[in-house]
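Written below as structure tokens is the structure these notes are about.
The values are calculated or read from the model by the stated rules, or taken from the named source; none is laboratory data. Worth saying up front: this structure is predicted, and the values here are computed from it rather than measured. Backbone-built Cβ (ideal geometry, glycine too); neighbour counts: all protein chains shown. These area figures cover heavy atoms from the full protein model, side chains too; ligands, DNA and RNA do not enter into them. Shrake-Rupley method; radii C 1.70, N 1.55, O 1.52, S 1.80 Å.
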Amino acid sequence: MERTTHVSSDGRRRVDAIGPSVIPGWDLVYDHPEDNAQVIRREESTYALACTLHRHAKALSTQNEERLWRESGGWCPGCVAGLPPVASETA
């Protein structure tokens with residue numbers, strides 16, 4: 001599936017968001033369900049890596065560093081501590 005893109009206000013081409021993320025106010029850019037992770041964005045250029053189990057977000061300097069954090073593990077304190085997933089807000 002080819003992703004659609006747009007030119008943002010800073011003149012850079014960005015992929016369009018898929019929809020809302022697990023973190024309120026952020027948009028889902030890339031989903032990594034096998035890692036319980038999402039690459040999320042707000043305000044066109046602020047990126048973070050979000051844990052879908054614990055709703056924790058790790059701020060990223062650039063989108064490109066997400067793979068390093070996601071593959072290395074240890075970026076979500078809830079996962080590191082072995083905490084149970086946060087209950088879903090939908091009933």
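Here the stretch 46-69 is the region considered, the condition is being open to solvent by 70 Å² or more (accessible area, probe 1.4 Å) and among the charged types (D, E, K, R), and the residue that is modelled with the lowest pLDDT is Arg67.
Within the bounds of the stretch 70-83, is there any residue that is open to solvent by 50 Å² or more (accessible area, probe 1.4 Å) and within 12 Å of the chain's Cα centre (by Cα)? Looking through the stretch 70-83, none of the residues is open to solvent by 50 Å² or more (accessible area, probe 1.4 Å) and within 12 Å of the chain's Cα centre (by Cα). Filtering the stretch 1-35 to residues that are in contact with a strand residue (DSSP E or B) (Cβ under 8 Å, 6 or more places away or on another chain), in a loop (DSSP other than H, G, I, E, B), within 15 Å of His56 (Cα to Cα) and open to solvent by 60 Å² or more (accessible area, probe 1.4 Å) leaves only Gly25. Figure legend. Inter-residue proximity from the stretch 29-45: first residues on the phi > 0 side of the Ramachandran plot, second residues polar (S, T, N, Q), beta-carbon distance below 9 Å, spacing 6+ or different chains. Indicated pairs: Asn36/Thr52; Glu44/Ser8; Glu44/Ser9.
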